[in-house]
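Data block below; observations after.
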Amino acid sequence: MPSSKPSDATLRLIVESYQHLTGKRLISVVPSDAVELRTALWEAPRAIVAHGTETDPIFFYGNRLALRLFEMSEEEFVRLPSRLSAEPMAQEARVRLLEKVSQQGYVDGYSGMRIAKSGRRFMITDTTVWNLLDEAGVNHGQAAVFAMDA
């Protein structure tokens, strides 16, 4: 199980903002407590990642599947600028996607090439990217949920 980062409130924001923007559930259960929420996100059958609002956004969350796909420990992943999850030639398309998400709130159906720590390339598919907006409309970053093309 991951360490205490990010906070339970931040994890709840990931789940609640997804449901608010898309009208769908990110995880199949509605956790009744923080431990259930943390476990449900960590063990989700799709990769879930989130980055903050820094000028060069840094990932602050990756669930177990995301860490496996990117071949990183949690400690490594939460130091990774999210732009480095895409190959240099794919970064421009990624920037355009994130701009579209900023304007629209979320984007469904994205696919793109990503790169693991070892240099292994993998395709993410059926991706939804959304803004992490709290009840006051404050932006806390963006998150994504995706499958890996087998």
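The values are calculated or read from the model by the stated rules, or taken from the named source; none is laboratory data. Treat the numbers as computed from the prediction; the structure is a model and nothing was measured. Positions of Cβ are generated from backbone atoms using ideal geometry, with glycine treated the same way; all protein chains shown enter the neighbour counts.
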Return the residue satisfying two criteria in turn: it lies in the range 103-132 and is outside any strand (DSSP E or B) and of a type in the set (Lys, Arg), and of such residues it is surrounded by the fewest Cβ atoms within 10 Å (Cβ to Cβ).
120
When residue 135 is evaluated against the numbered criteria (1) closer than 22 Å to residue 24 by Cα; (2) of a type in the set (Asp, Glu); (3) surrounded by 13 or more Cβ atoms within 10 Å (Cβ to Cβ), which criterion, by number, is the only one it fails?
(3)
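Considering only residues that are surrounded by fewer than 17 Cβ atoms within 10 Å (Cβ to Cβ) and either aliphatic (A, V, I, L, M) or within 13 Å of residue 141 (Cβ to Cβ) (or both), which ones fall in the range 91-102?
93, 95, 102
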Please determine, by comparing only the residues of the range 16-45 that are loosely packed, with under 13 Cβ neighbours inside 10 Å and among the small types (Gly, Ala, Ser), which one is modelled with the highest pLDDT.
23
Is at least one residue of the range 7-15 more than 13 Å from the chain's Cα centre (by Cα) and within 22 Å of residue 86 (Cα to Cα)?
no
Tally of residues being over 11 Å from the mean Cα position of the chain (by Cα), surrounded by 13 or more Cβ atoms within 10 Å (Cβ to Cβ) and assigned to a loop (DSSP other than H, G, I, E, B) across the range 54-66:
1
Across (1) modelled with pLDDT of 95 or more; (2) more than 16 Å from the chain's Cα centre (by Cα), residue 129 clears everything bar (2)
Flag if residue 48 is under 21 Å from residue 112 (Cα atoms), modelled with pLDDT of 95 or more and out of contact with any Asp or Glu (no Cβ under 8 Å at 6 or more places or on another chain):
yes
Considering only residues that are outside any helix (DSSP H, G or I) and either among the small types (Gly, Ala, Ser) or touching a residue at least 24 places away in the same chain (Cβ under 8 Å) (or both), look in the range 67-88 and name the one that is surrounded by the fewest Cβ atoms within 10 Å (Cβ to Cβ).
73
